[in-house]
Amino acid sequence: EDVFLNGRFLSPAEATLSVFDRGFLFGEGIYEVWAVVGQRIVDTESHLKRLDRSLAECGLPTPPERDTLPQILTELVRRGGLTDGFIYLQITPGAGERDFTGTADTRPTLFIMARKKDLLGAPALESGMAVDLVPDIRWLRRDIKTTMLMPQVMAKKNAVRQGLKDAVFYDETGITEGASSNIFIVTESGAVRTRPLSHKLLPGCTRGRIVALARDHGIQVHEQAFSVEELLTAREAFVTSATSLIVPIIQVNEKTIADGKPGPVTRTLQKLYIDYIH
Ligand code: PDD
């Protein structure tokens with residue numbers, strides 16, 4: 001059950017950080033999450049590419065372990081005895097004085113853990129879920145996977161308090177994304193529609209994979225923004241993320257989506273994606 005911190009595999013109790021870490025003091029950090037299915041890490045490379053981009057966009061240092069990350073991830077899965085679960089990786093600049101523009105005086109912090117979770121057994125995969133529509137109050141660099149997750153945590157907790165499962169964000173240009181996922185709808189013609197990439201949403205690795213799988217299997221994909229109204233009247237809707245895979249949306253607040261059951265296009269894509277990661 002080891003974790004990885006700054007070059008070493010440690011037990012969680014041994015893995016400690018400075019209270020001066022800029023990730024703790026300023027929320028200055030970026031992260032990645034991979035699914036692990038049947039001991040295999042899903043889409044290792046596309047997540048590493050996004051990690052490199054997040055570091056570059058934030059001007060954060062690249063940790064010395066960067067080139068050996070694939071082996072470290074594999075070793076954590078082995079040590080954790082995972083069959084199914086996820087890997088979480090976080091990088092911060094490290095520890096320094098509490099000075100906004102200061103830099104860290106130590107090496108960057110690199111923390112990685114692998115945790116067991118029955119991703120394929122999540123009940124929502126089968127039943128679908130109800131979500132809360134929430135104004136998107138986040139900053140406009142949502143294309144970077146930063147650890148500043150306060151708006152997401154607040155939105156998700158508020159959804160759960162109302163008996164809903166998750167939150168979906170919207171702004172004046174339409175639906176942006178889920179609180180920790182990308183969102184798709186299915187149109188009248190059976191095509192899928194998802195917002196084009198921009199600073200307003202995270203370029204989800206699962207989103208990218210599903211767009212490719214859909215196109216390979218003759219399902220049309222339109223990368224085009226859609227409105228709240230278009231979500232509420234969609235034939236089908238679903239969200240995608242590394243850990244939730246593809247979850248049908250069957251209700252948005254009080255409004256039932258179509259007949260309130262996961263639809264055929266969603267089911268087809270679930271099957272294609274699960275076959276792909278297996
Ligand atoms: N979140 N959008 C947001 C805001 C996210 O936080 C995530 C993933 C996604 C989907 O990205 P991907 O398909 O690459 O996982 C989209 C992870 C799973 C998390 O925060 O735990």
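Throughout, read-outs are computed from the coordinates displayed, never taken from laboratory work. All of these numbers come straight from a predicted model, not from anything done at the bench. A quick note on method: Cβ atoms are made from the backbone with ideal geometry, for glycine too, and the neighbour counts reach across all protein chains shown.
Any idea what the dipole of the range 123-277 comes to, in debye rounded to 20, about its Cα centre with Lys/Arg Cβ at +1 and Asp/Glu Cβ at -1? Let's see the in-between values first.
Numbers: 19 positive and 17 negative charges, 93 e Å.
Dipole about the Cα centre, nearest 20: 440 debye.
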Item checked: Exceeding the 20 Å Cα-Cα cut-off - candidates K117/K261; K200/K261; K165/K255; K49/K145; K157/K200 -> K117/K261; K200/K261; K157/K200
Notebook entry, point to check: Out of T68, V247, Y31, whose Cα points farthest toward the positive end of the dipole of the chain (charges: +1 Lys, Arg; -1 Asp, Glu; placed on Cβ)?
Noted result: V247
Item checked: Of T147, L89, G163, farthest towards positive along the dipole that unit charges on Lys, Arg, Asp, Glu beta carbons give the chain -> G163
Check: What does the charge dipole of the range 1-140 about its Cα centre add up to, to the nearest 20 debye, if the Cβ of each Lys and Arg holds +1 and the Cβ of each Asp and Glu holds -1?
Finding: 180
Check: Placing +1 at every Lys and Arg Cβ and -1 at every Asp and Glu Cβ, with all other atoms neutral, what dipole size does the chain have around its Cα centre, in debye to the nearest 20?
Finding: 280
Check: In degrees, nearest 10, range 0 to 90: what is the angle between the Cα axis of helix 44-58 and the longest Cα principal axis of the chain?
Finding: 70
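Taking GluC sites (Glu not before Pro) that fall in a DSSP loop and have at most 14 other Cβ atoms within 10 Å as cut points, what is the longest piece of the chain between them? Working shown, then result.
On the way: sites that count: E1, E14, E97, E172, E188, E254.
The reported range is 15-96.
Normalized C-alpha radius of gyration of the chain, against 2.2 N^0.38 Å? Before the final figure, lay out the partial values.
Working: Rg = 19.2 Å, N = 278, 2.2 N^0.38 = 18.7 Å.
The value comes to 1.03.
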Notebook entry, point to check: Using Cα atoms only, what is the angle between the long axis of helix 205-216 and the major principal axis of the chain, expressed in degrees (0 to 90) to the nearest 10?
Noted result: 40
Next item on the list: Would you look at the GNM of the chain, springs on alpha carbons closer than 10 Å, and say which of Q90, Q39, Q162 moves the most?
Entry: Q162
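So how do F169, F24 line up by other beta-carbon neighbours within 10 Å, fewest first? Each step should come with its number before you reach the end.
Working: F169 23, F24 15.
Fewest to most other Cβ atoms nearby, the residues stand as F24, F169.
Provide, as a two-decimal number, the C-alpha radius of gyration of the range 92-237 over 2.2 N^0.38 Å, N being how many residues it has.
On the way: Rg = 18.0 Å, N = 146, 2.2 N^0.38 = 14.6 Å.
Compared with the compact-globule rule of thumb, the range 92-237 sits at 1.23.
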Notebook entry, point to check: What residue among A258, V211, I112 has its Cα farthest toward the positive end of the dipole of the chain, where the charges are +1 on Lys, Arg and -1 on Asp, Glu, each on the Cβ?
Noted result: A258
Note to self: With angles folded into 0 to 90 degrees, how steeply does helix 150-161 sit against the dominant principal axis of the chain? Use alpha carbons for both and round to 10.
What the structure shows: 50
Next item on the list: Quickly work out the T62-to-Q220 label distance, labels modelled 7 Å from Cα along the C-beta direction, and quote it in nm with one decimal.
Entry: 4.2
Notebook entry, point to check: Per-residue ellipticity at 222 nm for the chain, helices alone: DSSP H runs ≥ 4 residues times -39500 (n - 2.57), over residue total, nearest 500 deg cm²/dmol?
Noted result: -8500 deg cm²/dmol
Next item on the list: Only Cα pairs under 8 Å and at least 6 apart count here; give the relative contact order of the range 3-118 as a rounded whole percent.
Entry: 37
